[in-house]
Amino acid sequence: MDMRLENLDKQFPPEWDAGRVARAKTVFFKELALAAHRFYGGKIQILPRAPLPGFQWFNAWYTPGVSAVSTTIRDDHDASFDLSWRGNVVAVVSDSTRVLGDGDVSPPGGLGVMEGKAFLMKMLGGVDAVPICLDSRNAVGRHDPEILVDCVRRLAPSFGAINLEDISQPNCFRVLDALREDCGIPVWHDDAQGTGCVTLAGLLNALKVTGRQLAASRLVFFGAGASNTTIARLILLAGADPARIALFDSHGGLHAGRQDIASDPRFYRKWELCQATNPDRLDNIAEALRGADVLIALSRPGPDVIRPEWVRGMAQDAIVFACANPVPEIYPHAAKAAGARVVATGRGDFPNQVNNSLGFPGILKGALLVRARKITDAMAIAAAQTIAAFAERQGLTEDHIMPLMTDEAVFAETAAAVAAQAVADGVARRPMSPARILEQAGRDIAEAHAALELLVASGRIPPPPEDMIQRCLQSAIAAG
């Protein structure tokens, strides 16, 4: 079988319908992930970036020579970006309390996802990354955001940026807001800001495909966790009309009458949206979706979480983003059968993948190259506009509103746009021209691919066993 899996759908029995194939693919990728991770012992490692021409070089890379590096950095902390890997390294930090659709998987349970983020950062952004899973429980066993705040603040001197990941609400808001202004390096919550950026990019293009304007569109958000609340906030900043927006959590609509949210200061971000949106105080999702132009769902894994009849009640040529992982709230074929014109999910095996992996590698690369002190909302919006414009140049269709992860150039272009906005926002330590950022980012991404190809070609990284994919496929077919 082709190791690249490009013809995966054709490997299933031809009499299977789209729903059965979709379910089987989920089983297949879970089986394959487990087998491949066991075979390789994870998916990242640390290798030297400098040569060792002979024994005496140990005296330069370590003692006594390295003393000069330490004292230079002591006298000028910014020198650490030039004299160590700090200028191109990110800490991927999580307490593993909200991992994909699996919830709290324990601190070490998040390592597979955090390694995955590090893998993507290297291959898509030319950025080195270190997965760090922390135990955020206090003495009585409750997850305490202040533990994460303290740990990340103490880790910051070793990294050029911090990528927060898979931290449950409301702790994620407290951690981000406590750190983003005072660490001196970008502290970025990818589940929230990253997902918000790529969702905005996809929405801008979906609106173009369906002939809509953002300010005139009626949007419903299903799910009000860290991702969807931040998506809503960025979409509002991009020009959406708050009176035409309604968000729903597990207790109903968010609006100014939600005293359960108002009375809990931990949910201050949700309360801000309660006050700004849903003036009609809609509490029924089916009612809110009647005539709505857009549904953006990041709630819980499906399928059948979003009902086809809800989609049928939406406006003609409706836009549906069903982005729960690992299984969307409604499968694309079901949403289209119910009348949706543009459907997106978080998965790469369906058309229109709206996943933060399209955003964070370029965003963090641009921030690192200009040594940004933080990532502003304007930088995230600039990234979204760049990603959308890249896909538009390729040609927009109902099944193509986003670039693919294999479109390497989009990440370098995103880095250049983010870096330029960082300079404009006054948060760049080292201003660089967009052309230079584009060149450097492109070169670093190409070098990451070349290094991996060299290791594979030399046999240092072996290919997966020939029967691995076939065994996983047989398990998926049996389960289907």
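The values are calculated or read from the model by the stated rules, or taken from the named source; none is laboratory data. All values derive from a computational prediction rather than experimental measurement. Here the Cβ is made from the backbone with ideal geometry for all residues, glycine too, and neighbour counts use every protein chain on show.
Here are the numbers:
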| read-out | value |
| --- | --- |
| Some residue of the stretch 113-122 being in a helix (DSSP H, G or I), of a type in the set (Phe, Trp, Tyr) and closer than 23 Å to Gln193 by Cα | yes |
| Residue match in the stretch 355-376 (condition: farther than 18 Å from Val90 by Cβ, surrounded by fewer than 24 Cβ atoms within 10 Å (Cβ to Cβ), hydroxyl-bearing (Ser, Thr, Tyr) and touching a residue at least 12 places away in the same chain (Cβ under 8 Å)) | no |
| Residue within the stretch 32-44 that is out of contact with any Leu (no Cβ under 8 Å at 6 or more places or on another chain), among the hydrophobic types (A, V, I, L, M, F, W, C) and more than 22 Å from Gly109 (Cβ to Cβ) present | no |
| Residue match in the stretch 200-217 (condition: out of contact with any strand residue (DSSP E or B) (no Cβ under 9 Å at 6 or more places or on another chain), at negative phi and crowded, with 24+ Cβ neighbours inside 10 Å) | yes |
| Which numbered condition Ile132 fails, given (1) out of contact with any Leu (no Cβ under 8 Å at 6 or more places or on another chain); (2) modelled with pLDDT of 95 or more | (1) |
| Matching residues in the stretch 314-332 - criterion: being farther than 23 Å from Leu236 by Cα and either of a type in the set (A, V, I, L, M) or buried (at least 23 other Cβ atoms within 10 Å of the Cβ) (or both) | Val327, Pro328, Glu329, Ile330, Tyr331 |
| Condition met for Ala335 (touching a helix residue (DSSP H, G or I) at 6+ places or on another chain (Cβ under 9 Å), aliphatic (A, V, I, L, M) and at pLDDT 95 or above) | yes |
| Residue in the stretch 202-222 that is in a helix (DSSP H, G or I) and among the charged types (D, E, K, R) present | yes |
| Subset tally (residues that are outside any helix (DSSP H, G or I) and surrounded by fewer than 24 Cβ atoms within 10 Å (Cβ to Cβ)) for the stretch 385-402 | 6 |
| Ile285, sole failed condition from (1) closer than 15 Å to Leu247 by Cα; (2) of a type in the set (A, V, I, L, M, F, W, C); (3) crowded, with 23+ Cβ neighbours inside 10 Å; (4) in contact (Cβ under 8 Å) with a residue 60 or more places away in the chain | (3) |
| Unmet criterion (only one of (1) under 20 Å from Leu100 (Cα atoms); (2) part of a helix (DSSP H, G or I); (3) of a type outside the set (Val, Ile, Thr); (4) touching a residue at least 40 places away in the same chain (Cβ under 8 Å)) for Leu176 | (4) |
| Filter pass, Ala232 being in a helix (DSSP H, G or I) and surrounded by fewer than 19 Cβ atoms within 10 Å (Cβ to Cβ) | no |
| Pick from the stretch 306-322, criterion out of contact with any helix residue (DSSP H, G or I) (no Cβ under 9 Å at 6 or more places or on another chain) and not polar (S, T, N, Q), ranking: nearest to Leu207 (Cα to Cα) | Ala315 |
| Subset of the stretch 298-313 (residues that are surrounded by fewer than 24 Cβ atoms within 10 Å (Cβ to Cβ), under 20 Å from Asp399 (Cβ atoms) and at pLDDT 95 or above) | Pro308, Val311 |
| Test: residue in the stretch 96-111 that is in a loop (DSSP other than H, G, I, E, B), in contact with a helix residue (DSSP H, G or I) (Cβ under 9 Å, 6 or more places away or on another chain), within 23 Å of Pro462 (Cα to Cα) and modelled with pLDDT under 95 | no |
| Test set (1) within 25 Å of Ala206 (Cα to Cα); (2) free of Cβ contacts under 8 Å to residues at least 12 places away in the same chain; (3) of a type outside the set (Lys, Arg); (4) in contact with a helix residue (DSSP H, G or I) (Cβ under 9 Å, 6 or more places away or on another chain) - Ile387 fails condition number | (2) |
| Neighbours by Cβ (under 9 Å, 6+ apart or cross-chain): first from the stretch 49-65, farther than 24 Å from Asn88 by Cβ; second assigned to a helix (DSSP H, G or I) | none |
| Of all residues in the stretch 125-139 being aliphatic (A, V, I, L, M) and assigned to a strand (DSSP E or B), the one that is surrounded by the fewest Cβ atoms within 10 Å (Cβ to Cβ) | Val130 |
| Single condition Ala215 does not satisfy, out of (1) farther than 30 Å from Arg86 by Cβ; (2) modelled with pLDDT under 95 | (2) |
| Search result, residues across the stretch 112-145 that are closer than 22 Å to Asn325 by Cα and over 16 Å from the mean Cα position of the chain (by Cα) | Ile132, Cys133 |
| The stretch 436-462 residues that are more than 15 Å from Gly126 (Cβ to Cβ), paired with ones that are not in a helix (DSSP H, G or I) (beta carbon under 6 Å, 6 or more apart) | Leu455/Ile461 |
| Residue within the stretch 250-261 that is of a type in the set (S, T, N, Q), assigned to a helix (DSSP H, G or I) and either out of contact with any Phe, Trp or Tyr (no Cβ under 8 Å at 6 or more places or on another chain) or more than 21 Å from Ser299 (Cβ to Cβ) (or both) present | yes |
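To keep it simple, each residue is scored yes or no on (1) more than 23 Å from the chain's Cα centre (by Cα); (2) at pLDDT below 95; (3) over 15 Å from Val320 (Cα atoms).
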position: His251; (1), (2), (3): yes, no, yes
position: Ser263; (1), (2), (3): yes, no, yes
position: Arg269; (1), (2), (3): no, yes, yes
position: Asn278; (1), (2), (3): yes, no, yes
position: Arg281; (1), (2), (3): yes, no, yes
position: Ala292; (1), (2), (3): yes, no, no
position: Leu295; (1), (2), (3): no, no, no
